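The values are calculated or read from the model by the stated rules, or taken from the named source; none is laboratory data. For clarity, every value in this text was computed on a predicted model and none was experimentally measured. Using ideal geometry, Cβ is built from the backbone for each residue, glycine included, and neighbour counts are taken over all protein chains shown. Just so you know, the surface numbers come from the protein's heavy atoms only, side chains and all, with ligands and any DNA or RNA stripped out. Shrake-Rupley method; radii C 1.70, N 1.55, O 1.52, S 1.80 Å.
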Amino acid sequence: MAPITTIVHFEVPAENVDRFFAFWQDSIKDVTGSQPGLIDGIFHRAIDADGPFQFINVARWESAEHLQAALEATVEALRRDGVEMLEEFRKLGVKASQNNYDEAVRYAAKAVD
């Protein structure tokens, strides 16, 4: 099982950006963060308010199987708390696009003499 990176772009109407960000922080972050196989993640917020994607989540998982299990577990955990994630996205006008990647090349900044 090779590590996998998932990148999720969130398109959010301007009037719902703050509500979506609060929803993600209050409802999704901790549930996802407690799932087995998560290596790490960064949730990015756009600097340009007029950009097409106001949020991008980049998370690394130990395997595609861990990612799939975590997605299912997150939806189920929210449901137990009375929250339907996809319904919340619909109410807020959120469109999400997820793509998964294998690592191809790793690089880092080099010291400048």
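Can you give the accessible area per residue of the range 1-65, in Å², using a 1.4 Å probe?
Numbers: 3840 Å² over 65 residues.
For the range 1-65, the per-residue accessible area is 59 Å².
For the chain, just the Cα atoms, rotate onto the principal axes and tell me the three extents in Å, largest first.
Sorted from largest, the Cα extents of the chain read 51, 35, 19 Å.
Rg/Rh for the range 55-113 to two decimals, with Rh computed the Kirkwood way over all alpha-carbon pairs.
Numbers: Rg = 16.7 Å, Rh = 14.6 Å.
Checking Rg against Rh, the ratio lands at 1.15.
Take the Cα coordinates of the range 1-67, assign each an equal point scatterer, and use the Debye formula without solvent to give log10 I(q)/I(0) at q = 0.20, 0.23, 0.25 Å⁻¹.
Taking Cα atoms of the range 1-67 as identical point scatterers yields -0.82, -0.97, -1.07.
For the chain, what is the mean residue ellipticity at 222 nm derived from helices alone (per DSSP H run of n ≥ 4: -39500 (n - 2.57); sum divided by total residues; nearest 500 deg cm²/dmol)? Provide the component values of the computation, followed by the final result.
Numbers: 4 runs with 37 residues, N = 113.
My calculation for the chain gives -9500 deg cm²/dmol from helical runs alone.
Counting only protein heavy atoms, what percent of the accessible surface of the chain is carbon or sulfur at a 1.4 Å probe? Intermediate values should be presented prior to the final figure.
Numbers: 4120 of 7770 Å².
Using a 1.4 Å probe with all protein chains present, the chain comes out at 53 percent carbon and sulfur.
Over the chain, what is the relative contact order in whole percent, taking alpha-carbon pairs under 8 Å and six or more residues apart?
Computed value for the chain: 44 percent relative contact order.
Just tell me the longest site-free run in the chain, where the sites are trypsin sites (Lys or Arg not before Pro) in a DSSP loop having at most 14 other beta-carbon atoms within 10 Å. Write out the running numbers ahead of the final one.
Values: sites that count: 106, 110.
With trypsin sites (Lys or Arg not before Pro) excluded where exposed in loops, the chain gives 1-105 as its longest stretch.
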